[in-house]
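The values are calculated or read from the model by the stated rules, or taken from the named source; none is laboratory data. What you are looking at is a predicted structure, and each value in this text was computed from that prediction instead of being measured. Every residue, glycine as well, gets a Cβ built from its backbone with ideal geometry; the counts of neighbours run over all protein chains shown. The area values use the complete protein model at the heavy-atom level, side chains included, leaving out ligands, DNA and RNA. Shrake-Rupley method; radii C 1.70, N 1.55, O 1.52, S 1.80 Å.
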Amino acid sequence: MSPEQEIHERILRTLRFRPKGMTITEIARALGMNRNSVSKHLEVMQVAGQVEARLVGNAKVYSVAQRVPLSAFLCFTQNPILVLDANLTIIQANDQFLRHFGRTKEELVGQNIRDTAIPAVSTPEALAVIVGLEREQVITDVCYRNDSDRESFYQMHAIPTTFEDGEKGCTIVLEDITERKRYIQNTMFLARTAMDLVDLPPVEDIYQYIADRLTELVPGARTYLFAHDEVDRQFVVRAVAGEGFREGLTELLGRDPVGLPLPVARAFDAPYHQTPHVMRGMQEFALRPEPSSWPFYDLCFGAIPEGVCEAILSRYNIGTLWAAGLVWREQLFGIVGIFLEQGKDLENQETVESFIRQVSIALARRQIEGRLRRNEERFRGMVDSSPFAVALINQEGRFVYVNRKFVEVFGYGPEDAPTCSEWFRLVFPDAGYRQEAVKAWRLDLERSVAGQVRPRAFTVRCRDGSRKVILFRPVTLPDGTQYITYEDITEEARTYRLLLADIADLRRREHEMLLKDRAIASTGRAVALLDLDGVVTYTNPAYLTLWGYRTAADVQGSHFSRSWEHPEEAREAVRTALAGRIWHGELTGIRSGGETFRADLLGTPIIGRDGKVLGMMAAVTAGRVKGEGSGDRVRDEVPDPESW
């Protein structure tokens, strides 16, 4: 070993014991050498890449350079790697890089990276990072779109490199993060659409929104949506989306496809034999060049001429159709279809299915809201046209609504007496009788519960001076509002007594259901309600607290077995309860944060008045139960349907 090499080895050994580095003076003192001589040796070693230097104040601090043999770096990493010299000429590419981008070493080595058109690396954004590389490693994300318009994402590490001869260069390490990026994009997509579907105004075209979002999720696809028309009781095309799709269909069909009725109900008959449960999942139908199962004409249920079906497939080069039913709780609200060109596969299938699940729930909710709105309009119309006087009085004793008959019977409206006290003074002018009526009203109110009708007959004086015997039927609604019907029993027959009795009974039942719901919500025991698929549809606050969920939306819509360490045991409990028997035992639960705990589970079937099982109620208590075994207690007794 030459004297110069020996000095270099001594310097390296000294620096290895000082990982934070040493100044020239400290090194010279440790080696017992002249400071200027040490400085010259350090400059040579820095050029050779053996040491690194950084400024700390006015002094240079040297440390051993962190070096990895290039051969080991290239061979034993799974990432594509490209090595460039100072002029950006490719001097090495590992096998992973060549396989990933379909190149050979002969094509790349010796070529300038600007002239190779390598995907992801030769883009202007990536070249700008490489050219501007100085002393520090740079990490950036780059995107590449191939000929089929498919995006790939990479995380590029540009690493300054010093070779054995002291020359500078650059090592490019690529990490394929396409799946990670798509996962993030899909998650953000589902979060955004979930919020959109909640906030979508009732007047907004939800069907076109669904079709547009599907084309966003599957770029290049053409989509359609059938929806069930409750008024006409048939399925019609509600929306189509995709570049030029609606215009082309209009030309081929001779009419706008939106509004076109299709006999979708045939899907449940031969030869299709579909069910809502089967239609809930995505189904693939190969249409061209040869149909794998049914031709497109059959999938249109014969409603579109066969020649037009073939023209649609040819014009848009359609190869496959992916279809799924918009199903919620075994009810079909519609069907969505995604047409893909020949040679293309459905990407993001899981995200597409999750989105379809979202919109199925949204359509179910919108349909229910529509029914409630129509029922409310019907109710108000019925009440307003009722032969009986009706009034709504809020908790402050003010009239919030009276129907026309109210004014006809009494001659007074809310503008004459906006409060109940003022109205009493008008219809009960005698102070003594008024005091008696008020006392009877308050006494009935104190003795009654919400939803209970409190009939009482009084003689009132109307605006025209006439006296009438009126049967008051006040009832307290769940929100404290007083709903009162007034029947003139002086002359009128009680023709509509049955109708009012039915309304009062309906209110009572609504209240009873509300009380039961509130009882479940306020109990300290964790309670969840499941549908016939074992999917959680309701959870009380104690359940959310026990499992560590923030909102009911975090668990509702998921299978009950997801919350347990051994899902099959939980599924057995669900199957037992849905078979009409009580399941009682101890299982191990998994909280949202991953912690486990032992819990006592009582699975009770929910039985309807017709004796059929409607679902399951799961009651859970954390902690160990004496004498328990996992799933060791099953009872055949079924509770009374009124008791849960």
Which residue, of Asn58, Asn79, Asn146, is closer than 30 Å to Gly220 by Cα and either at pLDDT below 85 or hydroxyl-bearing (Ser, Thr, Tyr) (or both)?
Asn146
Name every residue in region 42-59 that is farther than 28 Å from Gly169 by Cβ and within 56 Å of the chain's Cα centre (by Cα), in order of residue number.
Gly57
Is it the case, given these coordinates, that Val634 is over 21 Å from Tyr543 (Cβ atoms), modelled with pLDDT under 90 and either more than 30 Å from the chain's Cα centre (by Cα) or open to solvent by less than 60 Å² (accessible area, probe 1.4 Å) (or both)?
yes
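Matching residues to (1) surrounded by 14 or more Cβ atoms within 10 Å (Cβ to Cβ); (2) at pLDDT 90 or above; (3) outside any helix (DSSP H, G or I):
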site	(1), (2), (3)
Arg509	no, no, no
Leu529	yes, yes, yes
Tyr543	yes, yes, no
Tyr549	yes, yes, yes
Ser561	yes, yes, no
Tally, over region 232-280, of residues that are over 24 Å from Asp205 (Cα atoms), touching a residue at least 60 places away in the same chain (Cβ under 8 Å) and within 27 Å of the chain's Cα centre (by Cα)
0
What tally of residues in region 242-255 results from selecting those that are open to solvent by less than 60 Å² (accessible area, probe 1.4 Å) and either outside any helix (DSSP H, G or I) or within 17 Å of Glu310 (Cβ to Cβ) (or both)?
7
Give region 352-365 a look and list any residue that's open to solvent by less than 30 Å² (accessible area, probe 1.4 Å) and among the β-branched types (Val, Ile, Thr), or say none.
Val352, Ile356, Val359
Could you list, in sequence order, the residues of region 458-503 that are surrounded by 18 or more Cβ atoms within 10 Å (Cβ to Cβ), more than 39 Å from the chain's Cα centre (by Cα) and at pLDDT below 85?
Leu500
Tally time: how many residues in region 25-67 are within 14 Å of Ile7 (Cα to Cα) and among the β-branched types (Val, Ile, Thr)?
4
Residues satisfying the stated conditions in region 412-449, i.e. surrounded by 17 or more Cβ atoms within 10 Å (Cβ to Cβ) and in a loop (DSSP other than H, G, I, E, B):
Tyr412, Pro414, Ala417, Phe428
Among strands (runs of 3 or more DSSP E) lying entirely in region 108-219, which contain 1 or more residues that are of a type outside the set (Phe, Trp, Tyr), without any contact (Cβ under 8 Å) to a residue 40 or more places away in the chain and open to solvent by 30 Å² or more (accessible area, probe 1.4 Å)?
138-145, 151-162
Suppose we keep only residues that are open to solvent by less than 30 Å² (accessible area, probe 1.4 Å), assigned to a loop (DSSP other than H, G, I, E, B) and in contact (Cβ under 8 Å) with a residue 40 or more places away in the chain within region 366-411. Which one would you say is nearest to Val460 (Cα to Cα)?
Gly411
Name the residues in region 1-41 that are within 60 Å of the chain's Cα centre (by Cα), among the hydrophobic types (A, V, I, L, M, F, W, C) and open to solvent by 30 Å² or more (accessible area, probe 1.4 Å), would you?
Phe17
